[in-house]
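Data block below; observations after.
The values are calculated or read from the model by the stated rules, or taken from the named source; none is laboratory data. Bear in mind the structure is a predicted one, so any value in this text is a computation, not a measurement. Please note: Cβ atoms are built from the backbone with ideal geometry, for glycine as well, and neighbour counts cover all protein chains shown.
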Ligand SMILES: Cc1ncc(COP(=O)(O)O)c(C=O)c1O
């Protein structure tokens, strides 16, 4: 590689996001991101599926879209239509589905179709950083609605919609992660889902349902999708194989009326999502998905138990959390004096990566002593040692957890 002496900086257009930092490897104790459990990737099943589908249909890779059109590989869309009907009660056909490159692309496409600078959207007060950052970059006003144990608070949503209407503002959508919310882990029951649809319908606002954790409810019993409960076609539903199979595959999907899909398709200018991934997924999922996912859930639940035990042991009552009903994250509240942005910097220097609460919220002050921990990718041993190290750092920086209480906890006294 020649020495890079050419200066591109004067050529860069205004408005670019800040330059990415060079990747220097993952932290030793890595509790960040939406990564999955390496031990739970169904490698043998994926190898068998890849071999079978390539032998049978490999020549289709000669065409963009692998001969089944720009909406994605048809057998995968057929699998999804059946699965969404069975699991989430959604009546949709393969033709209502657009396969995309991870649900991150779904967020970009739907935002591209609906949003302009200065628009307003409604979002859960604590929400996915990838969604919050996109809205910020687009210059969109994100109105945060507080959550309780049942997810987005419907009373607060009603107030916000009424207040916005009074100011002549019609939000472009209500974005929600109703089934294992990121980061809080809540699941919105059916009744508030119906109330949400009623409010959205009354105010003429679409609902943007991000359901990428819906396969990871421990007991497998998820409420019907909001998409399934709405009769007016005002719901855009997105999902992903990242959490149920593997995030590095980069395969997600959008279920929406053609008025939206046709616009999203016009913006999806990448020549199609990788067809090999789609073909392997379709081949694997049709017979194996229903066997693989319960086993994945059991493994994740065991890791969650390891994380909660480590937090109880190391932080005692200083760490407060609800036992989530599914997913890959634990949302933790530390005492008010702990600033998790500062804790993050100190922990990272010691080799522990955490997600500080303010980066996952429309209200940085409310989340200043909260943090999100992903328990899916570290091993049980890394969870135990990483949380012990985090407690040491937190004690050094903030005097929390108090050491005497900690010793008392460990000895059971
Ligand atoms: C709520 C939510 N939506 C979307 C995504 C993006 O996932 P992917 O692009 O891997 O499908 C994530 C990833 O963690 C997420 O948590």
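Considering each residue of region 96-108, count those that are within 16 Å of the ligand (Cβ to nearest atom) and assigned to a helix (DSSP H, G or I), and give that number.
Adding up the residues that qualify gives 7.
Go through the residues of region 292-304 one by one and say whether even a single one is surrounded by fewer than 20 Cβ atoms within 10 Å (Cβ to Cβ), on the phi < 0 side of the Ramachandran plot and outside any helix (DSSP H, G or I).
no
Failed condition for residue 93, given (1) within 22 Å of residue 259 (Cβ to Cβ); (2) surrounded by 19 or more Cβ atoms within 10 Å (Cβ to Cβ); (3) more than 16 Å from the ligand (Cβ to nearest atom), with all others met?
(2)
Look through region 232-257, keep the residues that are away from the ligand (no atom under 14 Å from the Cβ), assigned to a loop (DSSP other than H, G, I, E, B) and at pLDDT 95 or above, and return whichever of them is nearest to residue 101 (Cα to Cα).
256
Can residue 227 be described as part of a helix (DSSP H, G or I), at pLDDT 95 or above, closer than 29 Å to residue 119 by Cα and within 16 Å of the ligand (Cβ to nearest atom)?
Here the answer is yes, as residue 227 does meet what is asked.
One residue is enough: does region 29-40 have a residue meeting the conditions more than 30 Å from residue 343 (Cα to Cα) and either modelled with pLDDT of 90 or more or outside any loop (DSSP other than H, G, I, E, B) (or both)?
Yes: one or more hits.
Of everything in region 41-83 that's away from the ligand (no atom under 16 Å from the Cβ) and in a loop (DSSP other than H, G, I, E, B), which residue is surrounded by the most Cβ atoms within 10 Å (Cβ to Cβ)?
Looking at the filtered set, the residue picked out is 73.
Being in a helix (DSSP H, G or I) and either in contact (Cβ under 8 Å) with a residue 40 or more places away in the chain or within 13 Å of the chain's Cα centre (by Cα) (or both) is the filter here, so list the residues in region 109-132 that pass it.
109, 110, 112, 113, 114, 129, 130, 131, 132
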